[in-house]
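Single-structure report; data block below.
Just so you know, all these numbers are worked out from the coordinates, no wet-lab data involved. What you are looking at is a predicted structure, and each value in this text was computed from that prediction instead of being measured. With ideal geometry, Cβ positions are generated from the backbone for all residues, glycine too; neighbour counts draw on all protein chains shown.
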Amino acid sequence: MVEPTAARDVETWDATVVRVLKSHDVRLVAHVPDKVLAPLIRRLVDDDFFTVVSPAREEEAVGIVAGAYLAGMRGIALMQTSGFATLPNVLASLALPFQLPILMLVSERGTLGDFQLAQAMVCSTLRPILQALKIEHFAIQRMDEVEFVVGQMIRQAYATQAPAAMILSPLLTARRGGIQ
Amino acid sequence: MTAIRHLSRADAHVMNRSALTRRLVARLPDDVAVVGGIGHTHFDLWAAGQRARNFYMLGSMGLAVPIALGVALAQPRRRVIALEGDGSLLMQLGALGTVMAARPKNLAIFVWDNGAYQITGAQPTATSAGVDLVAIARGAGIAAATWAADEAHFEALVELALSGDGPLFVAARTDNQPPAGTTDRDAARIRMRFMDALKQG
């Protein structure tokens, strides 16, 4: 499902992510539920290019993506901020020592208008965890950044054998529609 | 599938983990990938003889099954075995549902159940209080789930893992004897050897 070039200016962020994942041959998707990611998950499930699994926990998602990489298939784990907060142990004990380029797409909850204190408090752990583990991360805020940031972070992750977290800011995902 | 028997945990003979691991490894063709969970599970896998297609987890307790599932999905024509301990599996029981939903025909899960976190001082796990991991696997929808009644039955189940359609779940009760060796824990070396071998047959 490659969008024609002329249609790209009206492409949504989720359609761009799908296109970039395909162009980098990222075929395995392990996702846990998230409302912001829902349109992306729908696109991935509907597209035969992708093998999509729905594990019960984010740790499992990292394990599945790790195993697929070891066996030659590129993969990505999709989650929200609170799910990421369950991952420091597996990132520190699996992804980092084994130098596994685990791609993570994290929808950022708990900031810019979230209604849940719990989400907000978990959100405050996201960047300190990534910084403590020295994991490359970048928050995508604008539609015109999606293709470049996702593509470059995938490229760097595989070139440097290192995990990477692409953070979807509400500035990207909620500014127009007010999804929260 | 006559090797799948309806046994309870109490029906299963308690066997020695090192000896069972050697029986397993002796029957594996070179192309089979094995993901060894942490602790004495992979110590004995290491001690049973070096195989290029063994992956030894160093931490990430509970992730042997998810990692093996990832390998199985990426290479559907390769037989893949997850080797895990009862304590580790209890930490990540949701993975059994994930396996059932993904239906990998090439994946078999083998679990050593000694009822204890042996490496950390043998604190009891919930299986020693009555949790039946085979019943849980069946409840998760993995129909081909069984206890290994004894050594001969275990060998038949290894054959089934190598020839039948998965996912297969086998649990064996094991004693608390120490492992037969200690894994060499150079993460980069483990990864590169495993990846290189999985690029070949």
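Only one residue of A:P97, A:A61, A:A174 has its Cα farthest out toward the positive end of the dipole of chain A, where Lys and Arg carry +1 and Asp and Glu -1 on Cβ, and that residue is A:P97. Within chain B, antiparallel bridges make up roughly 10 percent of the DSSP beta bridges whose residues both belong there. Comparing mean-square fluctuations of A:L94, A:L105, A:L44 from a GNM of chain A with C-alpha springs under 10 Å, the top value falls on A:L94. In the protein assembly as shown the Cα-Cα distances spread across 10 Å bins starting at 0 as 5, 24, 32, 22, 12, 4, 0 percent of all pairs.
A Förster radius of 22 Å combined with the Cβ-Cβ distance from B:S8 to B:T182 puts the calculated FRET efficiency at roughly 0.05. Near B:K105, which lysines are there with a Cα under 22 Å away, not counting those fewer than 8 places off in the same chain? In chain and number order, the partners are B:K199.
Computed on the range A:21-166, with alpha-carbon pairs under 8 angstrom and 6+ residues apart, the relative contact order is 23 percent. Note: relative contact order over chain B, using C-alpha pairs below 8 Å and six or more positions apart, is 31 percent.
Between A:N89 and B:R23, the simple label model (points 7 Å from Cα in the Cβ direction) yields a spacing of 3.2 nm. With distances taken between every two different alpha-carbon atoms, the range B:109-183 has a Kirkwood hydrodynamic radius of 13.5 Å. Within the range B:45-135, the trypsin sites (Lys or Arg not before Pro) that combine a DSSP coil assignment with at most 12 other C-beta atoms in a 10 angstrom radius are B:R77. Beta-bridge orientation, the protein assembly as shown: approximately 5 percent antiparallel, per DSSP, counting only bridges with both partners inside.
Taken over chain A, the alpha-carbon convex hull comes to 104 cubic angstrom per residue. Among the residues of A:66-79, the average count of other protein chain beta-carbon atoms within 10 Å of the residue beta-carbon is 6.
Charge dipole (Cα centre; +1 on Lys/Arg Cβ, -1 on Asp/Glu Cβ; no other charges) of the range B:1-87 amounts to roughly 260 debye. Model label sites at B:D175 and A:F148, defined 7 Å from Cα along the beta-carbon direction, differ in position by 6.7 nm. Subtracting the Cα-Cα distance from 0.36 nm times the residue separation, let me have the gained length for A:R42 to A:R175 in nm, one decimal. Using 0.36 nm per residue and subtracting the Cα-Cα distance, I get 45.8 nm.
For the range B:9-199, the alpha carbon convex hull comes to 99 Å³ per residue, rounded to a whole number. Would you please classify the overall shape of the range A:35-121 from the alpha carbon gyration tensor, given that a ≥ b ≥ c denote the square roots of the eigenvalues, rounded means a/c under 1.5, and beyond that prolate means a/b larger than b/c while oblate covers the rest? Oblate, since a/c reaches 1.5 and b/c is not below a/b. Counting only aspartates and glutamates at least 8 places from A:K22 when in the same chain, those with an alpha carbon closer than 20 Å to its own are A:E3, A:D9, A:E11, A:D14, A:D46, A:D47, A:D48, A:D144, A:E145, A:E147.
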